[in-house]
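Below: the structure, in structure tokens.
The values are calculated or read from the model by the stated rules, or taken from the named source; none is laboratory data. A quick note: this is a predicted structure, and the numbers were derived from the prediction, not measured. Please note: Cβ atoms are built from the backbone with ideal geometry, for glycine as well, and neighbour counts cover all protein chains shown. Protein only, heavy atoms only, side chains kept; ligands, DNA and RNA dropped before computing areas. Shrake-Rupley method; radii C 1.70, N 1.55, O 1.52, S 1.80 Å.
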Amino acid sequence: MKKSKQTLLVNDQHYSKGAVAPPIYQSSLFSFETYEQLESFYNGDIKHAIYSRVDNPTVEMFEEKMALLEGAQAGAAYASGIAAISNVILSLVEKGDKVLAVENVYPDTYRLLKDICHKFGIETEFVDGSDLDQIEKSIIGKKFIYLESPSTSVMGEQNLAAIAALAKKNNVVSIIDNSWASPIFQNPIEHGIDIVVHSASNYISGHSDVVAGIAVGKKDIINKIKTETSAYLGAKLSAHEASLLLRSLRTLPLRLKQHEENGLFIAEKLKTHDAVTKVNHPGLARLSYSALKGYGSLMSLEVAENVNIPNFCNALELFRLGVSWGGYESLIMPAIAAINKGGYLNSAVDFGVPKNLIRIFVGLEQKEDLWLDIDNAFKKAIG
């Protein structure tokens, strides 16, 4: 019997051996009953949990569910989204490799590709993700192409099927950060992408109480990542946090449906507001090649010159100032507060976004209340 995603997320009988909630294996190690069993494990003849830095059963439940959701064969979970991204990247590259990435990726991914990889002789070229001609020229000779669709800050989409075809033609691995859409609203593997990564801290958690990440793909690729990087970098996901993620997955389709409704409502209102010059939300300009099946509630807007951004931020009552997104609470993040500032992580970087850009995440509050909060804040911020 073929099951819908919502049923797969709610029904845990396969994992829990009768328990309604999957058990938390809060153990650092797992013992063997006999010497022969231990030897068989090291010979590769049997599968058996051994050490939670490598294979915890609760974490494996989460990995299996995420792989099912994305249509992948296997998954590898980590203690953060950037840990998932770095483990994938470091499993693929060698000194002297050249890689390709789209512009406007998550800032820490940008730093990893541009600065950290550079230290090890790996060079990254960044291209406009909407320019297929440029991608076709630049992908030649690269080890992998890194996508993020929709992308950070500007919410730009890429033609996943076309790029995946170019990657396969040139024997290049394709990777995508699918955090914006979640597995509910986009499944890149269906379009030929090799590896999908998520910051599970966002929609997957949905409660702003977990920092985690995951990569999914073909079994041989995930096994390579687990054996060549994961075991040695040590960025393990704890059993407790895996159990919270399993909890959150049960409500993921319901939460995403409400986020979509709230987000589109706010985006449409912002589009016609006098204080706003541009709204970046994929649902407002639906592209013919879009792989999206629905829309999250993370967007950005550009405000008019007469808007005092600090005053606007301070006048908001329901929206909180903060990084990250994907929880129940509404958030804003003005670009001007972070661009080229050297305090956080000692990194002063201009990511190419306008200084009048404000990123908005629309939470699960009543949508009319949220709009009234934004509208009132604009009235207090226009000079």
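Annotations
- Once segment 143-164 is narrowed to residues that are open to solvent by 30 Å² or more (accessible area, probe 1.4 Å) and under 24 Å from Ile82 (Cβ atoms), the residue that is modelled with the highest pLDDT is Lys143.
- Scoring Val210 on the criteria (1) at pLDDT 95 or above; (2) out of contact with any helix residue (DSSP H, G or I) (no Cβ under 6 Å at 6 or more places or on another chain) leaves a single failure, condition (2).
- Enumeration of residues in segment 86-96 that are under 23 Å from Val216 (Cβ atoms) and of a type outside the set (Gly, Ala, Ser): Asn87, Val88, Ile89, Leu90, Leu92, Val93
- The one condition in (1) closer than 25 Å to Asn356 by Cβ; (2) free of Cβ contacts under 8 Å to residues at least 60 places away in the same chain that Pro107 fails to fulfil: (2)
- Among the residues making up segment 163-203, those that are on the phi > 0 side of the Ramachandran plot and free of Cβ contacts under 8 Å to residues at least 60 places away in the same chain are Asn171, Gly192.
- Condition check for Glu317: more than 16 Å from Lys367 (Cβ to Cβ), more than 22 Å from the chain's Cα centre (by Cα), part of a loop (DSSP other than H, G, I, E, B) and of a type in the set (Asp, Glu): no
- The set of residues in segment 277-287 being at pLDDT 95 or above and more than 12 Å from Pro150 (Cα to Cα) consists of Thr277, Lys278, Val279, Leu284.
- Flag: Arg320 does not match the condition of being open to solvent by 20 Å² or more (accessible area, probe 1.4 Å), within 30 Å of Pro22 (Cα to Cα) and either out of contact with any strand residue (DSSP E or B) (no Cβ under 7 Å at 6 or more places or on another chain) or in contact (Cβ under 8 Å) with a residue 12 or more places away in the chain (or both).
- Verdict on Glu241 being out of contact with any His (no Cβ under 6 Å at 6 or more places or on another chain), acidic (Asp, Glu) and under 17 Å from Ser179 (Cβ atoms): yes
- Evaluating Ser80 against the criteria (1) under 22 Å from the mean Cα position of the chain (by Cα); (2) more than 30 Å from Glu123 (Cβ to Cβ) leaves one unmet condition, (2).
- Among the residues of segment 193-252, the ones that are among the hydroxyl-bearing types (Ser, Thr, Tyr) and over 15 Å from the mean Cα position of the chain (by Cα) come to 8 in all.
- Taken over segment 35-75, the criterion of being open to solvent by less than 20 Å² (accessible area, probe 1.4 Å), of a type in the set (Val, Ile, Thr) and either modelled with pLDDT under 90 or in contact with a strand residue (DSSP E or B) (Cβ under 9 Å, 6 or more places away or on another chain) (or both) is satisfied by Val59 alone.
- Complete set of residues in segment 244-259 that are assigned to a helix (DSSP H, G or I) and either open to solvent by less than 20 Å² (accessible area, probe 1.4 Å) or basic (Lys, Arg) (or both): Leu245, Leu246, Arg247, Ser248, Leu249, Leu252, Arg255, Leu256, Lys257, His259
- Residue in segment 293-302 that is under 20 Å from Pro150 (Cβ atoms), of a type outside the set (S, T, N, Q), surrounded by fewer than 20 Cβ atoms within 10 Å (Cβ to Cβ) and touching a strand residue (DSSP E or B) at 6+ places or on another chain (Cβ under 6 Å) present: yes
- Each residue in segment 42-67 was checked for being in contact with a Lys or Arg (Cβ under 8 Å, 6 or more places away or on another chain) and in a helix (DSSP H, G or I), and 1 pass.
- Scan segment 195-243 for residues that are open to solvent by 60 Å² or more (accessible area, probe 1.4 Å) and out of contact with any Phe, Trp or Tyr (no Cβ under 8 Å at 6 or more places or on another chain) and the total you get is 13.
- Enumerated helices (runs of 4 or more DSSP H) restricted to segment 71-188, each holding at least 3 residues that are among the hydrophobic types (A, V, I, L, M, F, W, C): 81-92, 160-169
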